[in-house]
1. Return the ratio Rg/(2.2 N^0.38 Å) for the chain, where Rg is computed over Cα atoms only.
2. For the pair residue 348 and residue 85, what calculated FRET efficiency results from E = 1/(1 + (r/R0)^6), where r is the Cβ-Cβ distance and R0 = 35 Å, to the nearest 0.05?
3. Pull out a ≥ b ≥ c, the square roots of the eigenvalues of the alpha-carbon gyration tensor of region 40-121, then state rounded if a/c is under 1.5, prolate if not and a/b is larger than b/c, and oblate in the remaining case.
4. Most exposed first by the Cβ proxy, i.e. fewest other Cβ within 10 Å, how do 129, 160, 16 rank?
5. Which of 132, 205, 344 moves most in a GNM of the chain, Cα contacts under 10 Å?
6. Pop the C-beta distance of residue 203 and residue 293 into the FRET formula with R0 = 22 Å and round what comes out to the nearest 0.05.
7. For region 7-74, what class follows from the C-alpha gyration tensor (a ≥ b ≥ c being the square roots of its eigenvalues): rounded when a/c is under 1.5, otherwise prolate if a/b is larger than b/c, else oblate?
8. Return the single residue from 55, 143, 222 with maximal mean-square fluctuation; model: Gaussian network over the chain, springs between Cα atoms under 10 Å.
């Protein structure tokens, strides 16, 4: 307490409450956003097939995701007789915890980040690596061959594409000179040709890296055409086939959290993050009230994230599923050597180029 009887804003308690408030705000907004992005995903798929998609619950079907939530919450939880019940129920919790925890280092606008750590990229790699444990535990605890095969397939797939994603991230770190995501975005300020994907002369390397990152995160998040762990024709929906009710909802929530995370991450790493395609100084943003300027930046971050989610939805709608051997061949024989060569080229340019 201060001498006047008020609350001191420099106490650990205040900052702890402030941090918890930030986490709750990001989590609630993220969950609501994912509900509408899920509807958007279904609408895109329906439009490609000349259907209307969900259009009954609420105006234009806007409340369909919330109706699905209520359905899952009130359904009975069924657990296979021979399953390890504790691990079976723990697996979805672990998956969704890691999926939500990764958002702690994602900057939405200048200073709008829960944890502005200097090793944000390293943190994301660690969290994404741990996320596979939920899938492995769920498949094993189901005490069934098909979920177990699906979880093993998912683990191999995620590990394979994490390697190439790691090398692609190294190229961005070399260009920006930092693993802090805010610094990476600030490095791309100005016109769109300052973005890592379009900057000269590295565009010949970084634009293909952006495309490879997009394809790799489709495989990393088990999205079509790389949804082999959930291939109904082969594995009867894979590692989640024995799940129902809320545990199944948590697994799907974790998957969509990871998809949206990757959509925001590709925007941050390659396409300027919260920056507009033009120099904001042209509109005098430095003279704007801080809250208005930050909302402007937030708007561009949302636009880019939704655009990449639209690309993910289109890939699901129009690209046929790969075979598993094709998936592994692409990861180990194409993406791995290509990303390793990109690291060498970008490092050489940073050392011997004019900007060294």
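1. On the way: Rg = 21.7 Å, N = 356, 2.2 N^0.38 = 20.5 Å.
So the Cα radius of gyration is 1.06 times the expected 2.2 N^0.38 Å.
2. Details: r = 55 Å, r/R0 = 1.57.
After rounding to 0.05, the efficiency reads 0.05.
3. Details: a/c = 2.50, a/b = 1.10, b/c = 2.27.
In terms of gyration-tensor shape, oblate.
4. Numbers: 129 14, 160 19, 16 10.
Listing 129, 160, 16 from fewest to most nearby Cβ atoms yields 16, 129, 160.
5. 344
6. Details: r = 29 Å, r/R0 = 1.32.
So the FRET efficiency works out to roughly 0.15.
7. On the way: a/c = 4.57, a/b = 3.04, b/c = 1.50.
It comes out prolate by the Cα gyration axes.
8. Most flexible of the set in this elastic network: 55.
Laboratory data are not the source of any read-out in this text; all were calculated from the coordinates shown. None of the values given here were measured: they were computed from a predicted structure. As a convention, Cβ positions derive from the backbone with ideal geometry for all residues, glycine included, and neighbour counts pool all protein chains shown.
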